[in-house]
1. Count the DSSP beta bridges whose two residues both fall in region 66-219, then state the antiparallel fraction as a percent rounded to the nearest 5.
2. How far is helix 116-126 tilted off the main Cα axis of the chain, in degrees rounded to 10, range 0 to 90?
3. Calculate the all-directions average of the projected area of region 107-266's alpha-carbon convex hull, and give it in nm².
4. Given a 10 angstrom Cα cut-off, can you work out which residue in 106, 66, 254 is the most mobile in a GNM of the chain?
5. Using only the alpha-carbon atoms, how far is helix 192-208 inclined from the longest principal axis of the chain? Give it as 0 to 90 degrees, nearest 10.
6. Output the Kirkwood hydrodynamic radius of region 115-177, Cα pairs only, in Å rounded to one decimal.
7. For the peptides 39-47, 228-236, what is the packing order when you average, over each peptide's residues, the other Cβ atoms within 10 Å and list the highest mean first?
8. Given the C-alpha centroids of region 125-141 and region 55-97, what is the distance between them in whole angstrom?
Ligand SMILES: Nc1ncnc2c1ncn2[C@@H]1O[C@H](COP(=O)(O)OP(=O)(O)OP(=O)(O)O)[C@@H](O)[C@H]1O
Ligand SMILES: [Mg+2]
């Protein structure tokens, strides 16, 4: 990587949400959400369809402006900044380097018509890498890490299977050594066996790279495998939060009990 990363003290939160709310007209899609996330911590946001999970993720990743409340993020220099106060260049820097965003639909996170190698290399060029050989070597290494046959490096993702696309999206996101990755239903739409392999891969990468991640999922198995902590949402509010095993094995709230017993539809 280009620059040594000065990691903040792990005792200090990486991201803090404070009283986050978002209204769409009269609909309160997200209501008064507060929590903090530490470096290396994986948080799952679960809840039924329409409960506000994706809205919250978009607020946290500065893609939506909150109606009330704030999100603060500890920049690489250790300074905590309100996302609303960031200039365009700082925001772009976060998206290019420090953050990753894995979309449910890989077509939203990849350029489907350019080669896999270019999809990964592009992120490096955006942060100033300009040596073709080095970019290609790094892209090759990342394809190997996400278990994509390196012989396919010059093929475009439109020729890839769903699982390969999702693994390529992960490589493209992780190549810049982000500290925080947002994921919205990263395994949705994949076959069960493909999901299992992807989850296993994500779990290993997250722990190897000490990545913090916020994963939106309606699949509790995903939360169970990947996350340290779970937040349960209903009607835009967080109704229960705690350590993943605690919440899933011994839920306090009746709604979470229903969710865990799979009585609620996904
Ligand atoms: N851009 C928007 N304009 C108006 N309403 C919106 C918008 N985005 C989301 N909503 C509404 O906000 C509520 C929460 O939606 P959101 O997409 O956050 O739910 P979700 O938990 O991600 O659901 P799913 O599991 O189906 O993806 C829903 O009632 C939705 O219709
Ligand atoms: Mg959603």
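Read-outs: derived from the displayed coordinates by stated rules, not from any lab. Owing to the predicted nature of the structure, the values given are computational and were not obtained by experimental measurement. Glycine also receives a Cβ, built like all others from the backbone with ideal geometry; neighbour counts cover every protein chain displayed.
1. Numbers: 3 of 12 bridges.
If we restrict to bridges inside region 66-219, about 25 percent are antiparallel.
2. 80 degrees
3. About 10.3 nm², averaged over all directions.
4. Residue with maximal mean-square fluctuation among 106, 66, 254: 254.
5. Approximately 80 degrees, to the nearest 10.
6. Details: mean 1/r = 0.0888 Å⁻¹.
One over the average 1/r among Cα pairs gives 11.3 Å for region 115-177.
7. In descending order of packing, they fall as 39-47, 228-236.
8. 27 Å
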